[in-house]
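Take a look at the structure set out below.
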Amino acid sequence: MKKILITVVCICLAGTTVFAQKKRLFNETPAQKQQRMQWWEDARFGMFIHWGLYALPARHEWVKNRERITNEAYQKYFDLFNPDLFEPKKWAKEAKAAGMKYAVLTTKHHEGFCLFDSKYTDYKATNTPAKRDLVKEFVEAFRAEGIKVGFYYSLIDWHHPDFTIDRVHPQRLDENAPESEWENINKGRDMVKYREYLFNQVTELLTNYGKIDILWLDFSYPGKHGKGKDDWNSVALIKQIRKLQPGIIVDNRLNLGDYEDGEDFETPEQVKPETLAKYRGKTWETCQTFSGSWGYYRDEHSWKSDKQLLDLLITSTANGGNLILNVGPTARGEFDYRATRALDSLSLWMHGNSRSIYNCTYAPDGFAVPEGTRLTYNPQIKRLYVHLFDYPYARELVLKGYGGKISYAQLLHDGSEVRTVDKSAIDKAAAGSDIVLELPAEKPPVEVPVIELILK
């Protein structure tokens, strides 16, 4: 009886293992995926750009949703859209100076307005007073600076007549409205036709602008009066994307989590730095804003400090992830002066300290993180970087357990030596496994000083 029972249990467990395995969509090997993703993981830092008609009201990129604005009332922004100060070469230079290695532009946000010259709609920049394919100019300018280019494309479209009204639509009903009212309000709308439109536009974007490095699709919200993978036909869409651009990197918002290879990276949005540790070991990119909104918001004042921005960048790298930091240009096509100031501060820090970001990840086991610091590590050159968020004014930083592991230490921004002392030479009772770094009496003129440790 016992033998029979054991056999049955084993069969059940085996069956559980089989059913727990995720399905696959492609034949890409782990080594091939790593090769495809390597540049992105090495880059660590990118720019997001949210720009559309919502720059005119300047009250958040979801203004059409928040204020329940109809297409008719929203039309004035289309009629007036004329970014006469748009200079994408200037954008690209600012991004490069700040140390950003890739940039992703909203080709179409939820409002449905296209910055590119699509043949499938009249609701596009070339039909406004701008009379320009703004996506084309973005691509050319950023490529010229050696920056990888990516496209954001919203799966949602609040302007398209066939996109069914759902719980995030500006013309949504009360959540307790009877189903008959939802059916009535969607009479004449056809998601089959909208999906055709979606597929056609994605094909345009991945065909007409050369090699595209990243596709950032946004977003799925399955459930009651929501939309998910079946509404987008996500399986067919991702297959089409990979066919058109085999080397492209795609985010995780197609609702394809049931597939092992349905996404390339996770996208924790607007999370605090201290939460990023839970993504360690995964492939991820946190998307963040300078302030509280993605699009240009004239009267929004919760802008992050220089140190907060560096915390996001360094802590992302210290946990093996990327940071994509967003700018919301004005209606005239310029970066907000507050964004420019923030980019300048990042540029100043990255000029001398970018080596602690590029090609870096979290520190190997065995390297304790001193209080008030973050550690990043470059496995290619075997160097460890200690980021001093809390500068030790006692002029000493104790590295516990680092004894015998360090050959040289220096401040990264200027290459000046930091003397190392075996703690046992100071404290005879010490075990000799700790190292003391002798720091300058005054904090160096850097927002977050970095010590580069060359390991043995």
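The values are calculated or read from the model by the stated rules, or taken from the named source; none is laboratory data. The structure presented is a predicted model; accordingly, all values stated were derived computationally and were not measured. Reconstructed Cβ throughout: ideal geometry from the backbone, glycine too, with neighbour counts over all protein chains shown.
Screening region 233-254 for residues that are over 22 Å from the mean Cα position of the chain (by Cα) and not small (G, A, S) and picking the one that is farthest from F26 (Cα to Cα) gives N233.
Can you tell which of N200, N184 is exposed (fewer than 15 other Cβ atoms within 10 Å of the Cβ), closer than 30 Å to F142 by Cβ and assigned by TED's automatic domain parsing to the domain that holds I147?
Details: N184 fails: closer than 30 Å to F142 by Cβ.
Just a single option satisfies the conditions, and that option is N200.
Scanning region 287-327 for residues that are in a loop (DSSP other than H, G, I, E, B) and surrounded by fewer than 22 Cβ atoms within 10 Å (Cβ to Cβ) yields S291, G292, S293, R298, D299, E300, H301, S302, W303, K304, S305, G320. Cβ-Cβ distances below 9 Å connect no pair with a first residue in region 271-295 that is more than 29 Å from T330 (Cα to Cα), a second residue that is assigned to a loop (DSSP other than H, G, I, E, B) and modelled with pLDDT under 95, and a separation of six or more residues or different chains.
Of the residues that sit in region 388-399 and are assigned to a loop (DSSP other than H, G, I, E, B) and either of a type in the set (S, T, N, Q) or modelled with pLDDT of 95 or more (or both), which one is surrounded by the fewest Cβ atoms within 10 Å (Cβ to Cβ)?
Here is the first cut: in region 388-399, the residues assigned to a loop (DSSP other than H, G, I, E, B) are 389-395.
Imposing the further condition that a residue be either of a type in the set (S, T, N, Q) or modelled with pLDDT of 95 or more (or both) reduces the set to 389-391.
Details: F389: 16, D390: 10, Y391: 18.
Selected residue: D390.
Here T121 does not fit the description of being under 23 Å from N82 (Cβ atoms) and not in a loop (DSSP other than H, G, I, E, B). Contact annotation: residue pairs with Cβ atoms under 6 Å, 6 or more positions apart or on different chains, pairing a residue in region 332-349 that is closer than 13 Å to W91 by Cα with a partner that is in a helix (DSSP H, G or I), are L343/E94.
What is the residue count in region 400-421 for residues that are modelled with pLDDT under 95 and hydrophobic (A, V, I, L, M, F, W, C)? Residues that pass the stated criteria total 1.
Of all positions in region 127-135, none carries a residue that is of a type outside the set (V, I, T), under 26 Å from the mean Cα position of the chain (by Cα), surrounded by fewer than 18 Cβ atoms within 10 Å (Cβ to Cβ) and modelled with pLDDT of 95 or more. Selection over region 255-266 of residues that are more than 16 Å from N27 (Cα to Cα), under 15 Å from the mean Cα position of the chain (by Cα) and either surrounded by 18 or more Cβ atoms within 10 Å (Cβ to Cβ) or modelled with pLDDT under 95 (or both) gives a count of 1.
Residue check: is E41 surrounded by 15 or more Cβ atoms within 10 Å (Cβ to Cβ), among the acidic types (D, E) and either closer than 30 Å to Y377 by Cα or at pLDDT below 95 (or both)? So E41 fits the description; yes.
Residue-wise test of (1) under 27 Å from A97 (Cβ atoms); (2) in a strand (DSSP E or B); (3) not assigned by TED's automatic domain parsing to the domain that holds L310.
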| position | (1), (2), (3) |
| --- | --- |
| I381 | yes, no, yes |
| V386 | yes, yes, yes |
| H413 | yes, no, yes |
| V436 | no, yes, yes |
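Does A363 satisfy being within 27 Å of the chain's Cα centre (by Cα), surrounded by 13 or more Cβ atoms within 10 Å (Cβ to Cβ), outside the structural domain of T315 (by TED's automatic domain parsing) and in contact (Cβ under 8 Å) with a residue 12 or more places away in the chain? For A363, the condition - within 27 Å of the chain's Cα centre (by Cα), surrounded by 13 or more Cβ atoms within 10 Å (Cβ to Cβ), outside the structural domain of T315 (by TED's automatic domain parsing) and in contact (Cβ under 8 Å) with a residue 12 or more places away in the chain - is met.
The single condition among (1) over 23 Å from G46 (Cβ atoms); (2) among the hydroxyl-bearing types (S, T, Y); (3) in the same structural domain as L312 (by TED's automatic domain parsing) that Y391 does not meet is (3).
Applying the criterion of being of a type in the set (K, R) and under 15 Å from R253 (Cα atoms) to the residues of region 205-232, the residue that is surrounded by the most Cβ atoms within 10 Å (Cβ to Cβ) is K227.
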